[in-house]
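Okay, so here's the structure we're looking at.
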Amino acid sequence: RVFPDAGAASRAAADRIASTIRAASPGHRAILGMATGATPQKVYSHLASLHAAGGLSFRDAVTYNLDEYYPIQPLDPKSYRCYMHRHFFSLVDLPPQQGHVLDGTVPEGFVAAHCAEFERWIEADGGLDLQLLGIGRNGHIGFNEPSELTVAEALALPTRLIELHPLTREDAAREFGGVDKVIPRALTLGVRAILSARSILMLATGAHKAEAVAAALAGQMRASLPASLLQAAGERVTWLVDEAAASGVS
Ligand code: F6R
């Protein structure tokens, strides 16, 4: 779906999240996969406005974030835990124990166990109803970076510790005050868990995303362009893009 600008695309994403919450019943809370970065900020401000106007409560929602730098302290302003606090958690009524972010402080020897546990929590909650995604300029989803794996291997990638791609580090340089200061590793929800969401919303805005958007929608699935793997989810995926991000799609 192509929108005239980022504001309209973001409102459509927020409206989908709001309907998912409204469709939940007492026996089934809305389980939401959240993203960070520049793109979803307008989605969060729209959700916060709906909440402030009295039209939306997150009391019965549960959120799981896609990724977190590693290692990082939760109170570090550059952590995604802090981002979520700033843009969302502090503005809505989501009970604190229902907002999950991968833990950037677990000792290295426990990272694999923590990542497996994060996936088990999602499964125990009944699985993700909706996963919100952004796209990296290199086509990454979450921090599943381009690789030389086979498609089958890439589709099966679990939640894990990864090394950021050079382009991802470049894009994070502004927040960190220089490319050399960017924390080079991160924990990310794996492709397998992302693709198992019942609905996936990919939000892409701005001309700098046009090339990655066009490449992900064209041709075969390939591990060198992780967003192309969303093709495996078929109709469960909706691309919400503004005109600038759609400009390369033929
Ligand atoms: C963030 C995430 C990343 C971003 C992507 C786009 O949680 O998982 O995949 O969605 O890097 O980032 P922005 O929106 O800053 O262009």
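Values in this text are rule-based calculations from the coordinates and carry no lab data. Note that this is a predicted model, so its numbers are computed, not measured. Every residue, glycine as well, gets a Cβ built from its backbone with ideal geometry; the counts of neighbours run over all protein chains shown.
One table, with the values for the structure above:
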{"quantity": "ILE200 long-range amide H proximity, modeled H, under 5 Å", "calculated": "GLN131, VAL237, THR238"}
{"quantity": "Surface/4 estimate of mean projected area, convex hull on alpha-carbon atoms of the stretch 108-234, nm²", "calculated": "8.3"}
{"quantity": "Within the chain, helix-based [θ] at 222 nm, where runs of 4 or more DSSP H residues each add -39,500 (n - 2.57), nearest 500", "calculated": "-10000 deg cm²/dmol"}
{"quantity": "Candidates GLN220, GLN97, GLN73: whichever shows maximal mean-square fluctuation once the chain is modelled as a Gaussian network with Cα springs under 10 Å", "calculated": "GLN97"}
{"quantity": "Label-point gap, in nm, between ALA113 and GLU148 - each point 7 angstrom along Cα→Cβ", "calculated": "3.4"}
{"quantity": "Two-decimal Rg/Rh across the stretch 7-88, once Rg and the Kirkwood Rh are taken from alpha-carbon atoms", "calculated": "0.99"}
{"quantity": "Fewest-first sequence of TRP239, TRP121 by Cβ atoms within 10 Å of each Cβ", "calculated": "TRP121, TRP239"}
{"quantity": "Two-site label geometry, GLU123 and PHE176: point separation in nm, points 7 Å out along Cα→Cβ", "calculated": "3.3"}
{"quantity": "Gyration tensor verdict on the chain (Cα atoms; rounded if a/c is under 1.5, prolate if a/b is larger than b/c, oblate otherwise)", "calculated": "rounded"}
{"quantity": "Listed peptides 242-248, 48-54 by packing density, highest first (mean Cβ within 10 Å)", "calculated": "242-248, 48-54"}
{"quantity": "Reduced Cα scattering model of the stretch 119-176, Debye log10 I(q)/I(0), q = 0.24 Å⁻¹", "calculated": "-1.12"}
{"quantity": "Distance (nanometres) between label positions extended 7 Å along Cα→Cβ at ALA8 and ALA23", "calculated": "2.4"}
{"quantity": "Share of alpha-carbon pairs per 5 Å distance bin for the stretch 68-158, given as whole %", "calculated": "3, 11, 15, 22, 25, 16, 6, 2, 0"}
{"quantity": "Part-to-part distance (alpha-carbon centres) for the stretch 155-183 and the stretch 87-115, which is given in Å", "calculated": "19"}
